[in-house]
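Here's the structure, in structure tokens; my notes come after.
The values are calculated or read from the model by the stated rules, or taken from the named source; none is laboratory data. Quick caveat, the model's predicted, so the values are computed rather than measured. Neighbour counts are summed over all protein chains in view; Cβ atoms, including those assigned to glycine, are modelled from backbone coordinates with ideal geometry. Each accessible area value is taken on the protein alone, full model and side chains, heavy atoms only, with ligands, DNA and RNA left out. Shrake-Rupley method; radii C 1.70, N 1.55, O 1.52, S 1.80 Å.
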Amino acid sequence: MDKKTILAIVLTVIVITISMFIQSYFFAPEYPMDNVQDTEMPTEAVENETTVETTQDKLAIVASSANTSSEPFTYETDLLTITFDPAGASISSMVMKNHANADGEYVDLVFRGENDHNAFLMYWGDDRTNPITDNFKYAVDGKKVIFTNDYVNASGQKFTIIKTYEFKDGEYLFAVTIDIKGDANFTGLVNNGYAYTLAYEPQVGPSFTQMKNNGYDYRRVYLDTFKKNGKLKKTTARFSNGVYTTTDSIQWVSVASKYFTVVALPQNNVNYKITAVQGATDDVMQTDSIYLSRPATGTSTSDTVYFYAGPQLKSYLGSYYSGMDNAWGLKNTNLDAAMDSSSWLGWLENILKWMLTILYKIIPNYGIGIILLTIILKLLLWPLTKKGTDSTAKMTALQPQLQELQEKYKDNPQKLNMATAELYRANGVSPMGGCLPMLLQFPILIAFYGLLNKHFELRGAMFIPGWIFDLSAPETIFTLGFNLPFLGNEIHLLPILYTASMILSMRMTSNTGAQNGQGQGTMKFMTYGMPILFFFILYSAPSGLLLYWFVSNVLTMGSQMLTNRRLKNKPVVIAQEKKEPEAVRKYQEKLKRLEEEKAKAEKAAAKNKKK
């Protein structure tokens, strides 16, 4: 194997480890700016008042009404089971009815520890330390859940907070409307320039106990921000000491896991201050919270923020471009950009996804579909693979002659380069012949990696009962009572099979040629060191991705066996040059003429000097 082929394999490692970073941070799409259609959100009257004193020290605001019951209650839509908590008019749980984990438990999009805050709590001003946790009165009116509470500020001005959640059938998107209604003397809420803050905290489900690898399990905060030219650009929140803040105009802000997302989409043109906080609690090893701070206006306010809480599926998120495709009548929201799938090879991922979907319809098993698609890709790439192996075989066959040239011209690098080039030309060999086919296969490799790493339909997809229950997660054959360095306590079989197949494949490839000295040491590293490096990189990869790599290695070994047999029956014929290569001969003749001319000039100069 020549050095350029080795370089190509090294590049594979680099590409694999940084491809997801490139996709997430440098290739977010841009969209033309369009306004979101307004939707009227009615408010409801409040019930009887009693007096309960709950002091908010910062604004000296006192709650003047209370609910007779502070017990959480459940509200159901056709897609969600929601647990409301009157304390702060908040939500402690949002369970999706149609999406379960591998253990059969349905995914809760509110992932919180025992002492963590609920979702959709309010804060006074832009404070993020003391949420409003007063008990609100509530009423359920059809598809609306309405919370109310009365307050008195330090100046004796009375106002009411009316917080309304509204839902629609067939929608993961719902509306949260906050009305601040004051008496005739009410001058509005203001604290540090803001009226209140609406929050989603602490984390998006499903729950997790550890994040083994940021490429396979993660939480990220994205924003769809208006640029100066009026277009929208998806960006990733870059935290500084765990906090990210912006007052730029946004279309939406989201917290995303690999398969699910919660997106906040303000209805009107209020320029909220957006704050994202990343940290950890005793129960949740990584928290990602978003806060929308509403600027103070000096008057009563009524604001609606839409929240999408559900799967990252085009069929849902893509329905908010046309008002005819969703129950809310929303359009041009760009919510499908919230999908964590923007890729610089997205078009190729879509082709592979389409092929995988067709195979699944024929044989309803995604594991078999991955195997069949891998075989199809190998067949399509066979002409390139054959060209590469033939070029490598010729390069190997030329090694003895190359070594003779290296010995012959060891003191003249220029002659050596010319002689080598002439030898390659005479035998029709390109130094890049074995490397280029591999480089051309990289886009497919990267696209397949992206597809199998986050294809939603692989969630919970079983391949082999008793072993691979979920192609979107690592398979586990048994769990140790202690942690292994870099691996944890779960033993996965597929990474072991993949590493063994890669070592065998590399050995078969390296055996096609002879290496010695430094080249032999390099080949040993490529044969054993590189697979071991991949073993640690891919140990916690989804089993669907490792299944593709393992099958690909097996097919590569089969291809190499066929190539070896073909070359054995029909050896590579090397053109024999008995004379000096033409380029070298001409170069030597030129040097001889220059030496003769130089000698004549020196002789003439000496004669003139003597005269």
The stretch 202-318 - charge dipole about Cα centre, Lys and Arg +1 at Cβ, Asp and Glu -1, debye rounded to 20: 560
Pulled fully out, how much extra length does the chain show between Lys592 and Thr476, if you take 0.36 nm times their separation in residues and subtract their Cα-Cα distance? 34.5 nm
About the Cα centre of the stretch 112-190, how large is the charge dipole given +1 on each Lys and Arg Cβ and -1 on each Asp and Glu Cβ? Please answer in debye to the nearest 20. 140
Ordering Glu76, Glu490 by accessible area with a probe of 1.4 Å, largest first, what comes out? Glu76, Glu490
Asn115 to Lys228: FRET efficiency via 1/(1 + (r/R0)^6), r the Cβ-Cβ distance, R0 41 Å, to the nearest 0.05? 0.40
Lys387 versus Met285: modelled label distance in nm, points set 7 Å from Cα along the beta carbon direction: 4.6
When only C-alpha pairs under 8 Å and at least 6 residues apart count, what is the relative contact order of the stretch 355-513, in percent? 20
Per-residue accessible area for Lys227 at 1.4 Å probe radius, Å² rounded to 10? 80
When only C-alpha pairs under 8 Å and at least 6 residues apart count, what is the relative contact order of the stretch 233-319, in percent? 30
Using only protein heavy atoms and a 1.4 Å probe, report how much of Phe482 is accessible, in Å² to the nearest 10. 120
Quick one: accessible surface of Ser430, probe radius 1.4 Å, all protein chains present, in square angstrom to the nearest 10. 60
Leaving out ligands, DNA and RNA, what percent of the accessible area of the stretch 70-185 is carbon and sulfur, probe 1.4 Å? 41
Ranked order, Asp85, Asp179 - accessible area, probe 1.4 Å, largest first: Asp85, Asp179
In Å², and per residue, what accessible area does the stretch 355-450 have when probed at 1.4 Å with the other protein chains present? 50
In the stretch 461-506, carbon and sulfur make up what percent of the accessible area (probe 1.4 Å)? 73
Spelling out what I want: for every residue of the stretch 251-257, take phi, set θ = phi - 60°, compute 6.51 cos²θ - 1.76 cosθ + 1.60 (Karplus), and round to whole Hz; glycine and proline get x. 8, 7, 9, 9, 10, 10, 9
Quick one: compute the contact order of the stretch 100-169, relative version, from alpha carbon pairs under 8 angstrom and 6+ residues apart, as a percent. 17
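For Ser69 and Thr187, FRET efficiency with R0 = 45 Å and r from the beta-carbon atoms, rounded to 0.05?
With R0 = 45 Å, the Cβ-Cβ based efficiency is 0.85.
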Rounded to the nearest 20 debye, what is the charge dipole size of the stretch 285-374 about its Cα centre when +1 sits on each Lys and Arg Cβ and -1 on each Asp and Glu Cβ? 180
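Give me the percent of accessible area attributable to carbon and sulfur for the stretch 214-345, probe 1.4 angstrom. Provide the component values of the computation, followed by the final result.
Working: 2140 of 4670 Å².
Of the solvent-accessible surface of the stretch 214-345, carbon and sulfur hold 46 percent.
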Residue-span extension gain [Asn564 to Asn350] - 0.36 nm each, minus C-alpha spacing: 73.5 nm
Per residue, how much accessible area does the stretch 165-210 show when a 1.4 Å probe rolls over the protein heavy atoms, in square angstrom? 32
Calculate one ³J(HN,Hα) per residue across the stretch 159-171 by plugging θ = phi - 60° into the Karplus curve 6.51 cos²θ - 1.76 cosθ + 1.60, and present them in order as whole Hz with x for glycine and proline. 8, 10, 9, 10, 10, 10, 9, 10, 10, 10, 5, x, 10
Descending accessible area (1.4 Å probe), largest on the left, turns Arg219, Arg425 into Arg425, Arg219
For Ser240 and Ala500 in the same chain, what is the full-extension length gain: residue separation times 0.36 nm, less their Cα-Cα distance, in nm? 89.4 nm
Rolling a 1.4 Å sphere over the protein heavy atoms, what is the accessible area per residue of the stretch 295-351, to the nearest Å²? 36
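Please compare each pair in Lys233/Lys353; Lys314/Lys387; Lys231/Lys273; Lys143/Lys227; Lys143/Lys233; Lys410/Lys590 to a cut-off of 30 Å on the Cα-Cα distance and tell me which ones are over it. Please report the intermediate quantities before stating the final value.
Details: Lys233/Lys353 25 Å; Lys314/Lys387 39 Å; Lys231/Lys273 20 Å; Lys143/Lys227 37 Å; Lys143/Lys233 34 Å; Lys410/Lys590 20 Å.
Lys314/Lys387; Lys143/Lys227; Lys143/Lys233, as the Cα separations exceed 30 Å there.
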On the formula 1/(1 + (r/R0)^6), with r taken between the Cβ atoms of Gln414 and Ser207 and R0 of 56 Å, the FRET efficiency rounded to 0.05 is 0.25
